[in-house]
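The values are calculated or read from the model by the stated rules, or taken from the named source; none is laboratory data. What you are looking at is a predicted structure, and each value in this text was computed from that prediction instead of being measured. Positions of Cβ are generated from backbone atoms using ideal geometry, with glycine treated the same way; all protein chains shown enter the neighbour counts. These area figures cover heavy atoms from the full protein model, side chains too; ligands, DNA and RNA do not enter into them. Shrake-Rupley method; radii C 1.70, N 1.55, O 1.52, S 1.80 Å.
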Amino acid sequence: MDDDGLRVMASFFLGLASLCGGSLAEAVQLFQQVTTTLVGTRAAERFGEPGPPAQFAQAFLGWSLAELGRFDDAIAVGEESLRVARTIEQPFTLMHGYFGAGIPYLTRGDFGRAIPPLEQGFTLCRATEQHLWLGEIAADLGLAYARAGRIDDAMPVLEFALKEAAMTGLRFTYSRQHAQVGEAYLLAGRHDEAARLAAVALEAARAQKQRGQEAGALWLSAEIARCALDAAQAEADFQHAMSLALEIGARPLVARCHLGLGKLYRRTDKRDHAREHLSTAAMMYREMKMPLWLEQAETEMSTLA
């Protein structure tokens, strides 16, 4: 039909489905199609949406690139999405800008930069009753607090994220949200609750055929099993998570699986296996410029010297 509006919106929503389903390379390609089509004066066009799809696509492009470990690009795109959103000053558009800027920093491990936009997004969404991505932003913010060691700040936000997910029933990132809350609970020492949420996340991801979120849930299950000294279960889940993450190109998650296996093998006295996985994790973290996680891998390796 040679209809630009139809083409743009079809590309955008297919990109969103690809991101949530775990087809990350396809998501990047589709969101880039939107942003390259809508340049200049066309960037402000809304095509019947509450805000400009060009800005929405930037936010989700940053998220997709972060999942692939392309952090410099992800952060640049995410920051631009927030800059554009601030010129529009419309809540629905600002919401996309805040998580578009925050998620790449969270995934990289730069919590000092992740927390401010996620806090602003959380506050805005609650004040304006923007429920579409509120559960996701709450889970992101709660996990950022927990990873930064701010457990007391994290808990009410994490509990809110679970209530929001249950209330809305939205399935975009239902599995991811439960896995993120579960990881935060694990960091807080609430292992039983973390295990329950990991099971919910895994079941939801498989029901929705979301490979990336399934890999994340499996990583959490493996980490819980490792902490519980269930070496066989931890090894199986880490390997399964890594296989899925490799399939979709989720390099940060692949690196986390290598780090988890390295920790597991070090504690079970399989030193050669531990050294192999920790070296791979360190190499990947160095390439992706993830200093927080690199430090963890190098600390673990130093115990093998």
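Brief remarks follow.
- The angle between the Cα long axis of helix 291-302 and the longest principal axis of the Cα atoms of the chain comes to about 10 degrees, rounded to the nearest 10.
- Probe 1.4 Å, protein heavy atoms only - accessible area per residue of segment 112-167 in square angstrom: 42 Å²
- Note, ³J(HN,Hα) from phi for segment 257-274, Karplus 6.51, -1.76, 1.60, rounded to Hz, x at Gly and Pro: 5, 4, 4, x, 5, x, 4, 4, 5, 5, 6, 9, 6, 9, 5, 5, 5, 4
- Stretchable slack from Arg46 to Glu298, in nm (0.36 nm times residue separation minus alpha-carbon distance): 85.9 nm
- For the chain, a crude dipole built from +1 on the beta carbon of Lys and Arg and -1 on the beta carbon of Asp and Glu, taken about the Cα centre, is about 360 debye to the nearest 20.
- Using θ = phi - 60° in the Karplus curve 6.51 cos²θ - 1.76 cosθ + 1.60, the 3J(HN,Hα) couplings for segment 215-222 round to 4, x, 5, 5, 4, 5, 4, 5 Hz; x is entered for Gly and Pro.
- Cross-link reach list, lysines versus Lys263, counting only Cα pairs under 26 Å and skipping chain neighbours closer than eight places: Lys289
- For Trp293, the shell of other residues with beta-carbons less than 14 Å away shows a net charge of 0, using +1 for Lys and Arg and -1 for Asp and Glu.
- Theoretical FRET efficiency, 1/(1+(r/R0)^6), r = Cβ-Cβ of Leu132 and Met283, R0 41 Å, to 0.05: 0.60
- Coil-residue trypsin sites (Lys or Arg not before Pro) of segment 203-295, DSSP, other Cβ within 10 Å capped at 16: Lys209, Lys289
- Backbone geometry of segment 129-139 corresponds, through the Karplus equation with coefficients 6.51, -1.76 and 1.60 at θ = phi - 60°, to 3J(HN,Hα) couplings of 6, 8, 8, 4, 10, 4, x, 5, 5, 4, 5 Hz, x marking Gly and Pro.
- When only the Cβ of Lys, Arg, Asp and Glu is charged (+1, +1, -1, -1), the dipole of segment 248-305 relative to its Cα centre reaches about 120 debye.
- Percent accessible area from carbon and sulfur atoms, the chain, protein chains only, probe 1.4 Å: 53 percent
- Looking at segment 92-155, the GluC sites (Glu not before Pro) that sit in a DSSP loop and have at most 16 other Cβ atoms within 10 Å of their own Cβ are Glu129.
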